[in-house]
Every structure is written in C-alpha cells, then in structure tokens.
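One structure is given here, and the rest of the page talks about it.
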Amino acid sequence: MDKITLTINGQEVKATRGMTVLEAAQSADIYVPTLCHYPDLEPYGGCRLCIVEIEKMRGLPTACTTPATDGMVVTTESSAIQQVRQTSLELILSTHPCDCLECHRRERCGPYDICLRHVAVTDRCVVCPANDNCELQQVADYIGVHELRIPRDTMPRTIDTSNPFFDLDRNRCILCARCVRACQEITGVGAIDMAYRGYGMKVATFGDMPLMDSICRSCGECMVRCPVGAITPKDTVLPEREVKTVCTYCGIGCSMYLGVKDDKVISVRGDEQGPANQGRLCVKGRFGIAEFVNHRERLTTPLIRKNGRLVKASWDEALDFIAGKLGKYRGDEVAVISSAKSTNEDNYVMQKLARAVLGTNNVDHCARL
Amino acid sequence: MAGLVTTFGSGASTNSIKDMSDARCILAIGTNTTEAHPIIGMNMRKAVREGTRLIVANPLEIPLVRDADIWLQHRSGTDVVLLMGMMKVIVDEDLMDTAFIEERCENYDFFKDSLKNYPLSLVENITGVPGEKVAEAARLYATNSPAAIFYTMGITQHTHGTDNVIAVANLAMLTGNVGKPGSGVNPLRGQNNVQGACDVGALPNVYPGYQPVNNEDIKEKFESAWGARLNPTPGKTLTEIMPLAHEGKIKAMYLMGENPSLSDPDSTHVREALRRLDLFVVQDIFLSETAQLADVVLPATSFAEKDGTFTNTERRVQRVRKAIEPVGDSRPDWWITCQIARRMGASGFDFEHPSQIMEEIASVTPSYGGINYSRLEKEGLQWPCPTEEHPGTAILHTELFSRGKGHFVPLEYRPAAELPDDEYPLVLTTDRSLFQFHTGTMTRKVRGLNTFLSEELVAINPGDAEALGIDDGDKIQVISRRGEVTAKAGVTESTPPGTIAMTFHFAETPTNELTNPALDPVSKIPEFKVAAVRVQKIGRVAAKTA
C-alpha cells in the first residue's frame, strides 16, 4: 500500500493512495457533512455538502470526488464553505418536510403535540420512522438552518407501498441516489433510477411502475443505505439488543445480527464485517427469518402417535419411548437421517449416535437433493 | 463431491467467495446463481461490471444470462459433451497450460486421446449449441486467466452427475485454473450447513473429516475415541434408504430437520416407505409433511435459539449464536440426540454445551483440529485448519492437490436415464425461486415472501404452450411415469422448446412425485434435472348455469 500524508485543518493525516479527501478526513475522525456518500458506493458528488478548500485548487471541490494526494493542504471549515453548503442544504430541504429541523423544540416534541409552528402531523420528524436515526437531522444540526430562503415545494409525491417488506415515501426523499446506486453497484439489478428532471425528479422503476411490478428482487440494500426516512421497513420496531449469528438459508453463510425484543426476533441486519457477505443480505435473509422463527405453528411439545393420532407428550415420555424401541433393531434395520439445516454439533452427535450406539453407518442427509 | 475427490482429492469448494473479484473469467454452469445464491450472484454481476468475462451454460434463460458475454443454452443432461467439446478446442488450439499439466497432473495423455470423440459437429448435434459458440466460450475461458468455475445442482443432479463434475475439474486442470486466487472449481452449497454436515460425518461411508469407515486403522481410532465397537460396512445413502424402507428391510428411522416427502424423487413412493416403518421419529421445528407421518415428533429449536457452528460453501466454520430462548418446550437438536443416547445407556454423550462437542470434533477430525469456540468468537475459520496456530486455508491445492497430482479422467457421454418419447414428449427440469426455499417449510410461513410467489408456475415455452392450447395462467396437469401434479402454467421464453421447469417449493404441487429416482452410480444423487413428462390443459370448471 502506498502511503501519503496530507494536512487537514492543520492536522497531519496519513492516508492510502486512492482514498478521496473525504475518506482521508473520516479516517482521521474529522467530520465533513455529506448525504450522498456511502462507504461501499462509488463517489457521486450529488449533495454538494462535503465541499472543502484545497490549497492550489480553484473553487470549493467536493471532498468525496477529489482524490487525496501527498502534501495536499485541506480546510474543511471556513465562512465561504459554510455559506455555500448552507445554500445547498436549503435546496435539499426545500423538497423535504423540514420545519422540525429548524425547531429548537424538536427533541421534546411528541407526535400529537400542538405545534406552534403549524407543522402538519404527517410532516413532523417525530412521525418519521428514521427519526433520531436520520442523517439529514445530523447534517442540519451541524450546518445549522435558521430559515429557508427558498419557498418550500409542498407538492405531494407518490408513496409506493407495493412491496411487502418496505415502503418508498418520495415525500421524504432527498434525491441522494444512494438507493439507485446500491441497486446498480451492489446488487447489479438496476430496478430503480433517477427519473424526470428538475422538481419532477424522483426515484422510479422502469416505466414508473410500482416496485412490485418491476424487476426489484426485494433485497432491501436500498433501504439499508437510505439516509432519511424515504425507504423504510414496514415493520419499524427497534430491537432491545442484537445477536450476531449466521443465516439459516443457503450455503453462503452470511453473517447477520438478529434484533431481539421481548424475547422475539424482530429484525435482521447484515454484518458489514461478514467475510462472505460484507453486510449484504437477500430478501430471505433480511425479511424471511423473524416470521418463521416466531410462527404460531412452531412445534412446542413432543408428540406421540396414539390410536392413529399425534397427541402431546412430556419429554421424558417421548425420549424413554424412543430409547426403549430403538435398541430393539439390528444395526442395518435402522437409518438415521441428519440435517444440512442443523449445526455441525447437532450433526456430529447424530452420526455418533448412529455409529457408536445403534451400530450402523446408515446415516445421511439431504446433500444430494 | 465424488467427482472432485477423484480428480483433486477433496470434494470441497477450492476457493473463497471474496477472491471471485480476482477472476478474469467466470463460467457459471448449472447454477441459477442470482436466485439460489443471491449474494454470490451480486458478486458475479459486480465482477462483470468491473471487466470480468462471464460464460453462462444453462438450458434455461436464467437472470444471469443478461450479464453474460456468452450464453451456452445446451440441452439438459448434455454437460459432459459441452465441456469435452470446449476442452477439445482448447487442446486443438494449444490454449492449455502445459507447464501446469506436466508439473501438477497425471493421466493427461490418456485423457487427451478421449477428446477426439468430441468434434464440434457432434457437440453441436447433441447439445444444440452452435459449434462456433462452444469454441468461442472455450477460447474465452482459456485465455482469460485466472478463470473460476461455479456450479450447483444443474451439474450434479444427473445419473451422470459425477461425470459432469469430473468434466468441470478436467477443464480447470487443463487451463491451470486451480490453486490460485480467482480460479478454481466451486460447487455452491445449497443449504446453510451441507458442507458442515458432510465434514462432521453425516455420510454413510465416512467418519468426521472424510475418514473412510471401511479402513481398519481409522475404525480403531474411532473405536478408542468413542469407546464402542464400530461397524466396518459403509451404510446406505438417503436415496437408497427409502427403497429399503419400502421393502421392509429398514424398520426404524430417526430423522432430524428434513422433509424427504417433498424433497426426494418419486415422493409418492417415499411417503409409502415412511408409512411402512415400524418406528419413525421426526425432529423438526414445524409439523412438516414428513413429520405428519411420524410415530413420535420431537420439537427442535430453530437456529435463532441455539449455539453452534455452520460451515459455509467456502469451508468457513462460523459461530451460530442463541438470540432468544427456545420457543415453547422445544430443545436444541444436539440435546435431544444426546438424551436418546444416554437413555439407551450409552456413554460419551454428556455434553453440556455445543462448545464441548466442537472440542470432540476437533480431536477426531484433522481438518478441524485447530478450531475451537474461543477462536471462532473472533472470526470464522476456513478448514483445513489442523492446529491452533494455523490461520485456516483460503485456497485449496495451491502447491499440491489433496491427492498429490491432479487426475485427468477421460469421459464418455451417457444420456439421461429417461429421455422424452412419444408418450412423454417433454423434459422436466427442476429450478428454484429466490423467494422460496427448498420445500418451503420456513419461507412459506413468511407472508411477504408468499406475495412474490405463492404457488407453482410451470415454466413452459410459448411454442409448446400454443401447441397444447395452453395460455399463461391456465391450470395444467404434468404427468410422468411416476405421478401427476397440477399447477398453473407460466408461459415464458426463458424455457427452451421441449423443456418445462418447475420448483419443488410447494406441497400443493409436489413436483418430486414426477422426478426420476434413477441414481448416479457413484454419488447416488438422483436425476432431478431430466425427467420425461407430458402436459395437458385441465378443462375449465364448467361455469354455473344461471
């Protein structure tokens, strides 16, 4: 790796050649506001909030698209920068319900409080699923917005609720194109793109059809990267804790966090450190786990067939019944079918039971099916 | 797996998932990657966007076709001819890696002679792919090194599945595409822990770590480790066990977490066999179609309620962690099995936590020798990992093949066991959907996934559909020598004329009542990918008269 040194805000920063100025700053814990940048997406330069001053460079280049070079001298805070990015932020906010972002009471506001600023209930930050987890809130707080000098565009935009797992609310969309880029760069599907021009611009599928009628594979990689509350899961309960584990579907072995609340699995999040998946998940992994784990048809008690019907039994009764009967057969009269869904430990004891206790090598699983 | 053992000495995936980005060419044969292995599908598409060349060989127009440089639409069951044809071109045009063949492989001359049986004209005739396209694919694969091969059940689920795998391995050896990043032969595992279940000995012929049961030294090793007398005769595979149960030779079965009454070929026969058992114990998380036939049903915990490890398709052992308490009175599989053993008076089943089981696995399995829970806490480990100091192995066969030299095997074309005829004129091949999984025991419980696909859609070519008077969405009957099922027709050009494709996700349309239980003689895998069927439209139910 080729190491370079640059100076950011008077601080010496070591970086690797190939990094952008933004990445170099972030690696040294220097905050530069941005909304369109995402670590695993290509530089985009769309939101214009990460502008910086660089010695011997004209104007205010965007840090996310400028390669860091050895000896570069960068300033991330100045009145010129602040003036321009404040205007850029106002332009972003002019199409986003934003009155709360300027309000000093935001932290204390409940969904149905009487609002002295007459912000419509549906426009309030407190009713947005991304509230308190919103990058626009963070950026607005950092840059500071006092008033919009541009009139707000309040034209209602369409909400796509066709997907069973997540919604696309274009009223909250800030057109950062992270979702569009994720769908192209991360998944290679390209179900959505930026369509139309000017104030009419929006995230849309081919032919502007609902997501369910498009080629969308419902993996939710767009949702994960949305900085605001435009693409949000239909189920937005926050977990109390998360447990790192491995997906139970196919053989890729995606590392994931199961979100738990009240001893139920309620959410799934990809593990960015996962060696096989680097945070990515498919529709089954992300949305297809919680519901079957907590399903009401789960078996909850042993059952023994009596008079042709399966009836509830205690563990002792069921296990003693099996242990009593299994011993009566010769080795080659018994077969043990293990499972490719179970753990290594489960499979190991299963084949050990077959071989060391039942005296048979008739042990197999569905590897061939 | 048997095919890779013969040629390379190890049946596992040779390379790591993440080194795919190093490949300059990818051959995806018999894999509907974006549907069955979505994250690897994403990787493939990303690699293609960054310049990797992609060859897709598949009878169906799978989604990955749109990303491919070349699509070889060969007839189902003709993979050996296709691959041997490609290899003939490579040898004729002197594109092989002679140094690699000389240094690392054996039996090349014998193999090379067999290639003369595969002129492009014959290849074109049998596979239906224009000879020039086959040659173009061969050149693309051979001249863009490193090149990686990915395959799944489209290669293995044939009566000549082992031959198919050997053909794939021959191709990789011929071009020196083994043992380096971005190359290799990578069977993608369908289930989360197929690799691990095989590794720890849930196979009839081997103990943990693929140590043969019929080897006297190995048997003694396990006898002393387990303190028990062991049976030296290899057991029967699942696909052999079912017929034996049907004949009454196998009388008792203990089955954990599988659903053979939907997943096995000729499943009517399988259900009959299960009903004939004297004692049938099923351990599962749901009352599956199979569990409904059991004498005793034991409620197991799901993966979210237990600790353990899964081994993924790149041989990486990773920790599974308990997130919630067991649902109801369910128990972890290992606990239940140990309880049965203990109540039968056996010793050696006194485990209190899966970590202790892993310690025992490591002590008897050389490739898992250095794996333990405290190491796994930090990161997953790829086997072989023989000692605690060993970092694990990302790429197999880097200097030597597991068996020493890579072994070329000449191959003969053997057609599928059942070919279409006048009575059953169409080929049925099985496929999978992204939105459902295997027999649907888990995914069909998820309402959202069912909104994408909630019933079987038989993919049929518009030409065939028209000839049979079938419109898109019509109810049709699919009939084979073994059974008949009904489903809706999905008329699509993604299926070639003469072939229909079905999944086996839906109990209402048990596709495997149609499939052929004919087995590959070596690996005992059934021929899911070719069965002769006929299709007929079901007359619309007469509308109620006013």
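The values are calculated or read from the model by the stated rules, or taken from the named source; none is laboratory data. Fair warning: this is a prediction, and the values are worked out from it, not measured in the lab. All Cβ positions, glycine included, derive from the backbone under ideal geometry; neighbour counts span all protein chains shown. The area values use the complete protein model at the heavy-atom level, side chains included, leaving out ligands, DNA and RNA. Shrake-Rupley method; radii C 1.70, N 1.55, O 1.52, S 1.80 Å.
Data overview
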| quantity | calculated |
| --- | --- |
| Test: residue in the stretch A:283-303 that is open to solvent by 10 Å² or more (accessible area, probe 1.4 Å) and within 14 Å of the chain's Cα centre (by Cα) | yes |
| Any chance residue B:352 is surrounded by fewer than 21 Cβ atoms within 10 Å (Cβ to Cβ) and farther than 30 Å from residue B:88 by Cα | yes |
| Per-region count, the stretch B:450-488, residues open to solvent by less than 30 Å² (accessible area, probe 1.4 Å), charged (D, E, K, R) and in contact with a Phe, Trp or Tyr (Cβ under 8 Å, 6 or more places away or on another chain) | 1 |
| Candidate set from the stretch B:243-289 (those that are farther than 21 Å from residue B:521 by Cβ and among the basic types (Lys, Arg)); member that is farthest from the other protein chains (Cβ to nearest Cβ) | B:271 |
| Scope the stretch B:221-237; condition open to solvent by 50 Å² or more (accessible area, probe 1.4 Å), at the interface with chain A (Cβ under 8 Å from one of its Cβ atoms) and among the hydroxyl-bearing types (Ser, Thr, Tyr); matching residues | B:233 |
| Selected residue (criterion: modelled with the lowest pLDDT) from residues of the stretch A:135-147 that are in a loop (DSSP other than H, G, I, E, B) and open to solvent by 40 Å² or more (accessible area, probe 1.4 Å) | A:146 |
| Residue match in the stretch A:239-261 (condition: more than 24 Å from residue B:355 (Cα to Cα), open to solvent by 50 Å² or more (accessible area, probe 1.4 Å), over 21 Å from the mean Cα position of the chain (by Cα) and not small (Gly, Ala, Ser)) | no |
| Some residue of the stretch A:207-222 being of a type in the set (A, V, I, L, M, F, W, C) and free of Cβ contacts under 8 Å to residues at least 12 places away in the same chain | yes |
| Failed condition for residue A:184, given (1) under 18 Å from the mean Cα position of the chain (by Cα); (2) assigned to a helix (DSSP H, G or I); (3) closer than 27 Å to residue A:120 by Cα | (3) |
| Selected residue (only one of A:153, A:213 is surrounded by fewer than 22 Cβ atoms within 10 Å (Cβ to Cβ), within 22 Å of residue B:432 (Cα to Cα) and either of a type outside the set (A, V, I, L, M) or more than 13 Å from chain B (Cβ to nearest Cβ) (or both)) | A:213 |
| Condition broken by residue B:240, with the remaining ones in (1) open to solvent by less than 50 Å² (accessible area, probe 1.4 Å); (2) facing chain A (nearest Cβ under 7 Å); (3) of a type outside the set (Val, Ile, Thr) satisfied | (2) |
| Per-region count, the stretch B:134-164, residues over 13 Å from the mean Cα position of the chain (by Cα) and in a helix (DSSP H, G or I) | 11 |
| Residue in the stretch A:192-203 that is outside any loop (DSSP other than H, G, I, E, B), within 11 Å of chain B (Cβ to nearest Cβ) and open to solvent by less than 10 Å² (accessible area, probe 1.4 Å) present | no |
| Residues located in the stretch A:235-254, provided they are farther than 16 Å from residue B:306 by Cβ and at the interface with chain B (Cβ under 9 Å from one of its Cβ atoms) | A:241, A:242, A:249, A:250, A:251, A:252, A:253, A:254 |
| Checking residue B:210 against (1) open to solvent by less than 30 Å² (accessible area, probe 1.4 Å); (2) modelled with pLDDT of 90 or more, the condition it does not meet | (1) |
| Subset of the stretch B:290-300 [more than 7 Å from every other protein chain (Cβ to nearest Cβ) and surrounded by fewer than 24 Cβ atoms within 10 Å (Cβ to Cβ)] | B:292, B:293 |
| Residue match in the stretch A:72-86 (condition: open to solvent by 50 Å² or more (accessible area, probe 1.4 Å) and part of a loop (DSSP other than H, G, I, E, B)) | yes |
| Qualifying residues in the stretch A:156-180 (those that are over 19 Å from residue A:101 (Cβ atoms) and out of contact with any strand residue (DSSP E or B) (no Cβ under 7 Å at 6 or more places or on another chain)) - the one modelled with the lowest pLDDT | A:156 |
| Count - residues of the stretch B:8-32 that are polar (S, T, N, Q), touching a Ser or Thr at 6+ places or on another chain (Cβ under 7 Å) and open to solvent by 10 Å² or more (accessible area, probe 1.4 Å) | 1 |
| Residue ranges of strands (runs of 3 or more DSSP E) in the stretch A:255-369 with at least 1 members of a type in the set (Gly, Ala, Ser) and facing another protein chain (nearest Cβ under 8 Å) | A:255-261, A:334-337 |
| Yes/no for residue B:90 being farther than 27 Å from residue B:492 by Cα, crowded, with 21+ Cβ neighbours inside 10 Å and more than 10 Å from chain A (Cβ to nearest Cβ) | yes |
| Matching option when the condition is surrounded by fewer than 23 Cβ atoms within 10 Å (Cβ to Cβ) and either touching a strand residue (DSSP E or B) at 6+ places or on another chain (Cβ under 6 Å) or farther than 30 Å from residue A:42 by Cβ (or both), among B:124, B:61, B:50, B:35 | B:124 |
| Which numbered condition residue B:146 fails, given (1) surrounded by 20 or more Cβ atoms within 10 Å (Cβ to Cβ); (2) within 19 Å of residue B:79 (Cβ to Cβ) | (2) |
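Per-residue answers, yes or no, for (1) in a helix (DSSP H, G or I); (2) more than 23 Å from residue B:211 (Cα to Cα); (3) more than 10 Å from chain A (Cβ to nearest Cβ); (4) not aromatic (Phe, Trp, Tyr):
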| position | (1), (2), (3), (4) |
| --- | --- |
| B:340 | yes, yes, no, yes |
| B:348 | no, no, no, yes |
| B:355 | yes, no, no, yes |
| B:390 | no, no, yes, yes |
